[in-house]
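The values are calculated or read from the model by the stated rules, or taken from the named source; none is laboratory data. Everything quoted here is computed from the prediction, not taken from an experiment. Positions of Cβ are backbone-derived with ideal geometry, glycine not excepted, and every protein chain shown enters the neighbour counts.
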């Protein structure tokens, strides 16, 4: 959902897969998804975010720094080719020379033989966040675990390779397990900060989010309406907002 | 809390520059023969900051109407000094500014290569303001003109981040005590706060001490500097943060918006600090 005041085309968040076009669960019962938040002040960051998540989704790899470097190179070349094909005004030339920037949250979930649950591995650059909930209780937040951890200067992945030299040190990776019934929420920073604050107050934002989805996306009481209300009340920062909610039923289910 | 409003197309902000074009601006900066003239330094830095405002309002290949901008020159007369199809316009939208420079020059610019080094790149440098220096310093009239312009603006945009006025001058007003006019200007406000008035005094004397956003009148060398101190607003939190983040300058809370006896570099920093839009994301 774009920030208030911007059009859908101006949304600089990206996610994959966009489930209408791509399978969410693969033949091996694994699941791969990604979200990315493009930096507003940089040029063509929305494009950069989309290239990153699409390359991650199609990579078929497990998250790792080495794989990320390869994916970044591919996405970067595609971004540069896109820029080379444009006749840019002078104000855009400098921004393009500086490159585009974005966060990235890459999640892969796998089954574990005949076990009821499985493993997951996440790789993050920046302040997009992953929450794991079990039986309505938050069991983990990654990489940011306190609401004060969200600020305006996260580490970002650049479309210019030379600017990523120090980024690799800041990549965060986590490996853990999941059980049937677990929920995962992948969100960009505005909604992540709201979720974290809610949990810190003893509330259950996961229940609220689930209710929004139950009501629908565009319907009354649904996702969009509730995001708008939170923004109007000042509880949610006015920023592009992306959320992937994954409910894991177990390896033998259809989902 | 003030100065928190998000700058957006629905709630744009405004930057108004008052430019001393009196005859003393023809003298070399810091009073050193062979230096650039003060009017050249001011014009060059103003063109640079207008370019920065265009760039920060840009998104991909377009420009968003995040700001209105005005440039008022003052000597014996007080008038808007943008040229071409922007002539006589007190305020223009940032995209209209982009569309209408007087000319575009090519200059070499140093940029970071991202690996700790610096490279020189040929860039386009649009020119909107040319140096002018003749006549007296009708600063009071300029401040009153600014007040009249912004009185209408704050009514039209009551929820916006309040306007920022930057007065670039090398001396005292010739048309009276500027403090009442400055107070009337600073009294204007949106719901997010009062108009901010910064004073950048361009150096005429290299022997005189430079003062950069002080929080006390102690150390100010003379009465004109103390008058300018009283005229100016306190720096906002955004400005203090910009000073730290962009220029590694630590300014205490309570810093006043005056730079006195400023050399070229300080003018650049001060313009940057005064115009960096902190509330866009």
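Side notes on the structure shown:
- Residue count for segment B:114-131, restricted to those that are touching a strand residue (DSSP E or B) at 6+ places or on another chain (Cβ under 8 Å) and more than 14 Å from chain A (Cβ to nearest Cβ): 2.
- Positions within segment B:75-91 being in a strand (DSSP E or B) and in contact (Cβ under 8 Å) with a residue 12 or more places away in the chain, in sequence order: B:78
- Residue in segment A:76-107 that is farthest from the other protein chains (Cβ to nearest Cβ), counting only those that are closer than 19 Å to residue B:58 by Cα, touching a residue at least 12 places away in the same chain (Cβ under 8 Å) and not in a helix (DSSP H, G or I): A:102
- Restricting attention to segment A:146-194, the residues that are more than 19 Å from residue A:104 (Cβ to Cβ) and crowded, with 18+ Cβ neighbours inside 10 Å total 4.
- The listed residue being crowded, with 21+ Cβ neighbours inside 10 Å and at pLDDT below 95, out of B:253, B:259: B:259
- Selection within segment B:97-124 - buried (at least 17 other Cβ atoms within 10 Å of the Cβ) and out of contact with any helix residue (DSSP H, G or I) (no Cβ under 7 Å at 6 or more places or on another chain): B:101
- Segment B:114-131, residues that are modelled with pLDDT under 95 and either part of a loop (DSSP other than H, G, I, E, B) or under 14 Å from residue B:54 (Cα atoms) (or both): B:114, B:115, B:116, B:117, B:124, B:125
- Output for segment A:169-200, where each listed residue is within 14 Å of another protein chain (Cβ to nearest Cβ) and part of a helix (DSSP H, G or I): A:189, A:190, A:193
- Segment B:25-68 - residue that is part of a strand (DSSP E or B) and within 14 Å of chain A (Cβ to nearest Cβ) and, of those, surrounded by the fewest Cβ atoms within 10 Å (Cβ to Cβ): B:62
- Only a single item in (1) away from every other protein chain (no Cβ under 13 Å); (2) under 30 Å from residue B:180 (Cβ atoms); (3) surrounded by 20 or more Cβ atoms within 10 Å (Cβ to Cβ) is not met by residue B:136, and it is number (3).
- All positions within segment A:56-66 that are in a helix (DSSP H, G or I) and surrounded by fewer than 17 Cβ atoms within 10 Å (Cβ to Cβ): A:58, A:65, A:66
- Among the numbered conditions (1) more than 14 Å from every other protein chain (Cβ to nearest Cβ); (2) touching a residue at least 60 places away in the same chain (Cβ under 8 Å); (3) over 17 Å from the mean Cα position of the chain (by Cα), the only one that residue A:26 does not meet is (2).
- Some residue of segment B:194-205 being modelled with pLDDT of 95 or more and farther than 23 Å from residue B:81 by Cβ: yes
- Yes/no for residue A:37 being surrounded by fewer than 16 Cβ atoms within 10 Å (Cβ to Cβ) and within 14 Å of another protein chain (Cβ to nearest Cβ): no
- The residues in segment A:154-164 that are more than 17 Å from the chain's Cα centre (by Cα) and either in contact (Cβ under 8 Å) with a residue 40 or more places away in the chain or closer than 22 Å to residue A:192 by Cβ (or both) can be counted, and the count is 5.
- Yes/no for residue A:124 being more than 14 Å from chain B (Cβ to nearest Cβ) and either touching a strand residue (DSSP E or B) at 6+ places or on another chain (Cβ under 6 Å) or assigned to a helix (DSSP H, G or I) (or both): yes
- Apart from one condition, residue B:134 fits all of (1) part of a loop (DSSP other than H, G, I, E, B); (2) touching a strand residue (DSSP E or B) at 6+ places or on another chain (Cβ under 7 Å); (3) farther than 26 Å from residue A:98 by Cβ; the exception is (2).
- Checking residue B:175 against (1) more than 19 Å from the chain's Cα centre (by Cα); (2) surrounded by fewer than 17 Cβ atoms within 10 Å (Cβ to Cβ), the condition it does not meet: (2)
- Meets criteria (more than 19 Å from the chain's Cα centre (by Cα), over 19 Å from residue A:128 (Cβ atoms), within 14 Å of chain B (Cβ to nearest Cβ) and without any contact (Cβ under 8 Å) to a residue 60 or more places away in the chain) for residue A:234: yes
- Residue within segment A:39-46 that is farther than 30 Å from residue A:182 by Cα, modelled with pLDDT of 95 or more and part of a helix (DSSP H, G or I) present: yes
- Test: residue in segment B:95-113 that is outside any strand (DSSP E or B), within 10 Å of chain A (Cβ to nearest Cβ) and modelled with pLDDT under 95: yes
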